[in-house]
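Reading through the structure tokens given below for one structure.
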Amino acid sequence: MLTGKRALVTGSTSGIGLAMAKALAGAGADVMLNGFGDSDEIEATRKALETEHGVTAHYNGADLSKPDQIEAMMKDAEAKFGGVDILINNAGIQYTANVEDFPPEKWDAVIAINLSSVFHTTRLAVPYMRKKNWGRIINTASAHGLVASIQKAAYVAAKHGVIGLTKVTALETAETGITANAICPGWVRTELVERQIEARAKENNISVEESATRLVSDKHPSKQFVSPEQIGQTALFLCSDAASQMTGTHLSVDGGWTAQ
Ligand code: NAD
């Protein structure tokens, strides 16, 4: 389905991004990975994508809090791929504190990685997509792009911003073959969430598993976590022809969280 397409997935060395990269490679797309982690593990992941799916996989370790590194990554993608057909903006971090205690440098970091990086990759990817008259921009927002929770000022602001940016991008490209959409996951048990589960376990003097059950039951009417693979398949759907008239919208995959 995606043979001949080239995808860049930011924050794809673990969690949701890695599942998205696997889903795209499974459908035949060449993939550029990005994110932090152990270099041997990243190389093994890259190689596995190539051998399991018969696609070309590259890795670029750009720090997405730095616009100059984002520009270099986009140039690298252009040099290796000719350009990016599918851009998945997925890299993200979390920091929790009440707004009056929120360290300004943490605010800046969350906004830079979770929101500004999406602006930079998008502005650099759109000209090539316009030339080809085809493109898919998929932004990993969050249930927190639609509703708020306490102690997540920067994250909630950034994710609401991502949904706004997605809509503007969609409107500006509406008469082309480019679509821009956001996916809004609820709780997915990745490293980002594991840290919150462990912190709450300590705070409430309960086991990690009890903490996980409480965390997911508090927000998801389904009382179940979303899997990274389910988000990967949602991204794949957005790349398909069936989704060519879906643009400027969001898809919630959140166990019913935002229906409440
Ligand atoms: P994760 O921690 O497993 O993955 C985050 C990825 O981003 C990793 O590859 C990491 O190396 C990369 N990253 C972090 N800082 C970076 C930087 N400065 N430059 C480049 N890469 C960087 O977490 P995840 O849960 O898979 O998160 C992926 C996305 O999904 C994030 O945008 C997150 O906000 C969003 N999300 C997650 C959940 C959830 O419950 N896990 C829910 C909704 C939305």
query = In sequence order, what are the phi-derived ³J(HN,Hα) couplings for the stretch 111-121 according to the Karplus relation 6.51 cos²θ - 1.76 cosθ + 1.60 with θ = phi - 60°, rounded to whole Hz, with x for glycine and proline?
reply = 5, 5, 7, 7, 10, 5, 4, 5, 4, 5, 5
query = Using the Cβ atoms and a cut-off under 14 Å, what net charge is assigned to the surroundings of V156, where Lys and Arg are +1 and Asp and Glu are -1?
reply = +4
ask   = Rg (Å, one decimal) plus Dmax (Å, integer) for the alpha carbons of the chain?
value = 17.7, 57
query = Which of the aspartates and glutamates could a cross-linker bridge to K47, judged by Cα under 13 Å and excluding same-chain residues fewer than eight apart?
reply = D30
request  = Can you send over the solvent-accessible area of L146, 1.4 Å probe, protein chains only, in Å² to the nearest 10?
outcome  = 60
inquiry  = Given contacts defined as C-alpha pairs under 8 Å and at least six residues apart, what's the relative contact order of the chain, whole-number percent?
reply    = 20
task = Determine ³J(HN,Hα), in whole Hz, for all residues of the stretch 155-161 in sequence, where each value follows from phi through the Karplus function 6.51 cos²θ - 1.76 cosθ + 1.60 and θ = phi - 60°; x replaces Gly and Pro.
result = 5, 5, 5, 5, 6, 4, x
message = With θ taken as phi - 60° and the coefficients 6.51, -1.76 and 1.60, list the Karplus ³J(HN,Hα) couplings across the stretch 213-226 in order, rounded to whole Hz; mark glycine and proline as x.
response = 5, 5, 4, 6, 5, 5, 10, 8, x, 5, 6, 10, 6, 7
key: Local electrostatic count, T173, Cβ distance below 15 Å [Lys/Arg +1, Asp/Glu -1]   = +3
request  = For the stretch 155-257, state which GluC sites (Glu not before Pro) are in a DSSP loop and have at most 14 other beta carbons lying within 10 Å of their beta carbon.
outcome  = E175
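The values are calculated or read from the model by the stated rules, or taken from the named source; none is laboratory data. Keep in mind the model is a prediction, meaning the values are calculated, not measured. FYI the Cβ positions are ideal-geometry reconstructions off the backbone, even for glycines, and counts take in every protein chain you see. Side chains are part of the model used for accessible areas, which takes the heavy atoms of the whole protein and leaves out ligands, DNA and RNA. Shrake-Rupley method; radii C 1.70, N 1.55, O 1.52, S 1.80 Å.
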